[in-house]
Amino acid sequence: MPQPSAPRLPTAELAEDGERIQKVLARAGLGSRREIEQWIALGAIRVNGQPVKLGDKLHEGDQLSINGRPVDYARRLEQTPRVLLYHKPSGELVTRNDPEGRPVIFTQLPRIKEGRWIAVGRLDVNTQGLLLVTNHGELANRLMHPSFEMEREYAVRVLGSVSDEMLERLTRGITLEDGPARFESLMPAGGEGANHWYHVTLKEGRNRIVRRMFEALGVTVSRLIRIRYGDIVLPPRLKACTFSEMSEQEVADLMVRVGLIAAPPAAAPPPAMPHQRADGPAQPSRRRPKPRRKDKP
C-alpha cells in the first residue's frame with residue numbers, strides 16, 4: 001500500500017516579495033526572533049548600508065550586516081534544521097556565559113559550523129529536565145509562542161501537605177503578580193513522609209511559574225523536573241548533561257505541527273483491479289458458465 005510522502009524541509013529561497021528581516025535571520029539560526037527584534041531596535045542591523053526598522057523586508061541579493069560585520073544569511077539558510085533533546089541538570093544555567101563562572105548548557109552541546117544553538121524557553125537554575133535546543137530560530141519562536149499552546153508537563157516535589165482545596169485552586173486559577181495562572185491538570189504521583197510528588201501541566205512558560213504558583217499558597221517546591229514539552233517526552237535513559245538528536249523526519253513533523261511547512265498530501269488509493277470498484281472490494285464476475293454437453297453413449 002502506498003505510504004504518505006514525508007514532509008519537505010524548508011528551502012533557502014526567500015519569497016518573491018521579500019520576507020521580514022527578523023523572520024529570515026531567525027530561520028538562519030542567528031538568534032530567536034525576539035533577540036533579532038531587539039538588535040533591530042538598537043540599530044545593530046543594516047541592509048545595503050542602511051539601518052532597518054521593524055517590519056522591513058529582506059530580498060534576494062540584499063547585503064546585510066550586524067554590528068558592522070557582513071553576514072552571509074543565504075548560506076546559513078541552507079543548513080538543515082536540527083533539534084536536540086537536552087537533559088538539563090539542576091545547577092546549570094540556560095545562557096551563553098555567566099559572569100559568576102557557573103556552568104551553562106551551551107558548553108555541553110555539539111559545535112555547529114553555521115548559526116548557533118537556540119534554547120526553546122528556559123529552565124531556572126534549580127530546575128532540571130527536558131530542554132529543547134535548535135539551530136532554527138523561527139522554529140524556536142513558534143514552539144514558545146502561546147498561540148501554539150505547547151503543553152509542558154512537570155514532576156513536582158513539594159515539602160509539606162497540600163489540601164484538596166489548594167489543589168482545586170491551582171487548577172481553577174490563582175492570581176500572581178504578573179497575571180492569572182492555572183494548571184491544566186494536577187495529579188498526585190506518590191511520595192513519602194513530608195515529601196509529596198505531583199504531575200502538573202500548563203500551556204505557558206512564564207518565569208518560574210510552577211514554583212510561584214505553589215509558593216503563592218505557602219507551599220515550598222523542593223524539586224522540579226520537566227518531563228514533557230508538547231508531544232516530546234524526556235527519554236528515560238537520557239542522563240543529565242547529555243543530549244539526543246531528533247531525526248530529520250521527526251524535525252519535519254515538528255515543523256508541520258507549528259505551521260512552518262505544509263503537511264504532505266495523503267497517499268492516493270491504489271488503482272482498481274479488474275472487477276474492483278474504486279470504493280470497494282472486488283466483485284465476482286456475472287458471466288454464467290456454459291452448460292457441459294453430455295457425452296453420447
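What follows is calculated from the coordinates using simple rules that are stated; it is not laboratory data. Because the structure is a prediction, the values reported are computed rather than measured. Reconstructed Cβ throughout: ideal geometry from the backbone, glycine too, with neighbour counts over all protein chains shown.
Just a few scattered comments:
- Estimated inter-spin distance, Cys241 and Asn126, nm [label 7 Å along Cα→Cβ]: 2.2
- Spatially proximal aspartates and glutamates relative to Lys23 (Cα-Cα < 19 Å; intrachain offsets below 8 disregarded): Glu13, Glu35, Glu37, Asp56, Glu60, Asp62, Asp72, Glu78, Glu114, Glu138
- Cα-projected label distance for Val256 with Thr95, points at 7 Å along beta-carbon direction, nm: 4.0
- Footprinting exposure proxy for Arg82, Arg27, Arg96 (fewest neighbouring C-beta atoms within 10 Å first): Arg96, Arg82, Arg27
- Taking N as the residue count of region 143-212, its C-alpha radius of gyration divided by 2.2 N^0.38 Å amounts to 1.14.
- Taking only Cα atoms of region 19-77, radius of gyration then Dmax in Å: 9.9, 25
- In this structure, the amide hydrogen of Ala28, modeled 1.01 Å from its nitrogen in the peptide plane, lies closer than 5 angstrom to those of Gly137, counting only residues at least 5 positions away or on a different chain.
- Calculated FRET efficiency for the pair Gln63/Thr220, C-beta based, R₀ 41 Å, to 0.05: 0.15
- Here the extension length gained between Arg111 and Asp72 equals 12.2 nm, from 0.36 nm per residue of separation less the Cα-Cα distance.
- All aspartates and glutamates inside 15 Å of Lys239 as judged from Cα atoms, apart from same-chain residues fewer than 8 positions distant: Glu92
- Separation of the alpha carbons by more than 28 angstrom is noted, of Lys57/Lys203; Lys57/Lys88; Lys53/Lys88; Lys57/Lys113; Lys88/Lys203; Lys113/Lys203, for Lys57/Lys203; Lys57/Lys88; Lys53/Lys88; Lys113/Lys203.
- Neighbour-count order for Leu85, Leu238, Leu254, fewest beta carbons within 10 angstrom listed first: Leu238, Leu85, Leu254
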